[in-house]
Amino acid sequence: MTQTAPDFDLDTAASRGSAFVYGNILVLAALIALTPEQVADPTAVAIVLGTGLSTFVAHLVGEVVGDQIREGKEPSRARLRRHVRNSAPIASSASIPAVLLAAGWLGWLPAVWALAAAQTVTIGRVGFLGAVIGHYHGERSVRAIVSGVVLALLCAVAAALKWLLTH
């Protein structure tokens, strides 16, 4: 395993990785539901940022409830700060897609390109996670890259299912 900061242990990495995947799946589901016409006005940006923010808040509430179940009390301020840090990848999942959609809204990119780029970047972010996981465990192999591609495909399927079942 590679060296990391003392407060960045395997549990922290796992928590942040889980939040990263979860956030990207829900942002991708929101992106799949969008149309180029929505990119031409602020609707698409608002939907993606709203998805990121609401997912972040829901995840944070879930972590606090989990602490209450495990410990029988409210989490300490330090624990709450840790939950916020570990949930941050959810909020970050919306950032690059929102910027790309804003470029479409402002006319800097054609709306279709902005939407396709936002979807591609979101899938690509998850795909690179396989290499990150491999690096974290000291593995540098084709297997890590393949696992990233498989993870990206699974996330795309999960996002498509969410879109199909809820939109």
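Here, each number is a calculation from the coordinates, and none is a lab measurement. The structure presented is a predicted model; accordingly, all values stated were derived computationally and were not measured. Backbone-built Cβ (ideal geometry, glycine too); neighbour counts: all protein chains shown.
Pairs of Cα atoms under 8 Å, at least six residues apart: use those to get the relative contact order of the stretch 19-167, whole percent. Mind dumping the intermediate values first?
Values: 191 pairs, mean separation 49.3, N = 149.
In percent, rounded to a whole number, it is 33.
What is the angle, in °, between the Cα long axis of helix 142-166 and the longest principal axis of the Cα atoms in the chain? Nearest 10 is fine, range 0 to 90.
60 degrees
How long are the semi-axes of the equivalent ellipsoid of the stretch 47-98, defined as square roots of 5 times the Cα gyration tensor eigenvalues? Whole Å, largest first. Provide the component values of the computation, followed by the final result.
Values: eigenvalues 122, 22, 7 Å².
They are 25, 10, 6 Å, listed from largest to smallest.
Taking the 0 to 90 degree range and rounding to the nearest ten, how far is the long axis of helix 43-71 tilted relative to the main principal axis of the chain, both from C-alpha atoms?
20 degrees
Can you give the longest stretch of the chain with no exposed loop site, where a site means trypsin sites (Lys or Arg not before Pro) in a DSSP loop (not H, G, I, E or B) with at most 13 other C-beta atoms within 10 Å?
Working: sites that count: LYS73, ARG140.
The reported range is 1-72.
Karplus couplings for the stretch 118-129 from phi (6.51 cos²θ - 1.76 cosθ + 1.60, θ = phi - 60°), rounded to Hz, Gly and Pro as x?
4, 5, 5, 4, 5, 5, x, 4, 5, x, 6, 4
Checking a compactness column here: for the stretch 26-77, what do you get for Rg(Cα) / (2.2 N^0.38 Å), N being the number of residues? Intermediate values should be presented prior to the final figure.
On the way: Rg = 16.1 Å, N = 52, 2.2 N^0.38 = 9.9 Å.
For the stretch 26-77, the normalised Cα radius of gyration is 1.64.
Can you compute 3J(HN,Hα) from phi for each residue in the stretch 80-87, using the Karplus curve 6.51 cos²θ - 1.76 cosθ + 1.60 with θ = phi - 60°, rounded to whole Hz and x for Gly and Pro?
Going residue by residue, I get 4, 4, 5, 4, 4, 4, 6, 8 Hz, with x marking Gly and Pro.
For the stretch 3-164, state the semi-axes of the equivalent ellipsoid (square roots of 5 times the eigenvalues of the alpha-carbon gyration tensor), sorted largest first and rounded to whole angstrom. Please report the intermediate quantities before stating the final value.
Values: eigenvalues 169, 89, 34 Å².
Each semi-axis is √(5λ); the values are 29, 21, 13 Å.
Quick one: helix 10-33 against the long Cα principal axis of the chain, what's the angle to the nearest 10°, folded into 0 to 90?
For 10-33 against the chain, the angle is about 20 degrees.
Give me the net charge for the shell around GLU74: Cβ to Cβ below 13 angstrom, other residues only, Lys and Arg +1, Asp and Glu -1. Don't skip to the answer; put the middle values down first.
Numbers: positive: ARG70, LYS73, ARG77, ARG79; negative: GLU63, ASP67, GLU71.
That works out to +1.
For the stretch 1-98, state what percent of all Cα-Cα pairs lands in each successive 10 Å bin, counting from 0 Å until the bin that includes the largest distance.
In whole percents, the pair-distance histogram is 16, 39, 27, 14, 4.
Report the Cα centroid-to-centroid distance between the stretch 117-132 and the stretch 9-69 in angstrom, as an integer.
15 Å
Once every DSSP H run of n ≥ 4 in the chain is given -39500 (n - 2.57) and the sum is divided by its residues, what mean residue ellipticity at 222 nm do you get, rounded to the nearest 500 deg cm²/dmol? List each step's numbers first, then the result.
Values: 7 runs with 135 residues, N = 167.
Value at 222 nm, helices only, nearest 500: -27500 deg cm²/dmol.
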